[in-house]
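Derivation of every value follows stated rules applied to the coordinates shown; laboratory data play no part. Here the structure is a predicted model, which is why all the values come from computation and not from measurement. So basically every Cβ, Gly included, is an ideal-geometry build from the backbone, and we count neighbours across all protein chains shown.
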Amino acid sequence: MKFLKILVVFLIVNFGALGLGTLFMASGPQGEWYAQLNKAPWTPDGWVFGVAWTTIMICFSLYMTFLCIKRLSNKVITLFVIQFLLNISWNYIFFNQKLTDIALINITLLTIVVTAFFITYLKELKLKSLLILPYVIWLCIATSLNLYISIYN
């Protein structure tokens, strides 16, 4: 029962972050500005982003639930809050403000923070750490897409 309660909280918070990010991105990927950008040849189709983020947030919510049950600490909370803020702010910086270079710094920091979760708690969570890998992998892809846009636009 404790597991389920914590999981529901993380699902609400993590999907809430996606919702807030969407609110802050103005017209986002459907906008004229983004459509006219020179994008990386490996840029996925639009539907992939929705599937990826849904999968990531389910896995990350499970990961955070296991982590909080095992070791709830100020460090875990701080890393989570930093991750949350970086995740939401990237949409605003990239799509709304069109500051691709600053967005690149933001997403690089986000990648570092999420990777820090994986590395820091790998020994404790063991195989459960695999739940955070979709997030890490997707952030590496997203960072490369942002980098390409920063270089070629």
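The table below lists the values:
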{"item": "Note, ³J(HN,Hα) from phi for the stretch 136-142, Karplus 6.51, -1.76, 1.60, rounded to Hz, x at Gly and Pro", "result": "4, 4, 5, 5, 5, 5, 4"}
{"item": "Footprinting exposure proxy for Phe94, Phe117 (fewest neighbouring C-beta atoms within 10 Å first)", "result": "Phe117, Phe94"}
{"item": "For the stretch 57-68, Karplus couplings with θ = phi - 60° (6.51, -1.76, 1.60), whole Hz, Gly/Pro x", "result": "6, 5, 5, 5, 5, 5, 4, 5, 5, 4, 5, 5"}
{"item": "Exposure proxy ranking, count of Cβ atoms within 10 Å, fewest first, for Glu32, Glu124", "result": "Glu32, Glu124"}
{"item": "Förster-model FRET efficiency, 25 Å R0, Lys2 and Val51, C-beta, rounded to 0.05", "result": "0.25"}
{"item": "Spin-label model distance (nm) - Gln30 vs Ile12, 7 Å beyond Cα toward Cβ", "result": "2.8 nm"}
{"item": "Choice from Asn38, Asn74, Asn106 showing the highest fluctuation, given a GNM over the chain with Cα pairs closer than 10 Å", "result": "Asn74"}
{"item": "Amide N proximity, the stretch 52-74 versus Lys39 label position 7 Å along Cα-to-Cβ, cut-off under 16 Å", "result": "52-53"}
{"item": "Calculated FRET efficiency for the pair Lys70/Ile141, C-beta based, R₀ 35 Å, to 0.05", "result": "0.75"}
{"item": "Computed FRET value (nearest 0.05) for Asp101 with Leu130, which takes r as the C-beta separation and R₀ as 41 Å", "result": "0.80"}
{"item": "Chain lengthening between Asn153 and Ile119 when straightened (0.36 nm per residue, less Cα-Cα)", "result": "8.8 nm"}
{"item": "Mean separation of Cα contacts under 8 Å (6+ apart) over length of the chain, as relative contact order %", "result": "35 percent"}
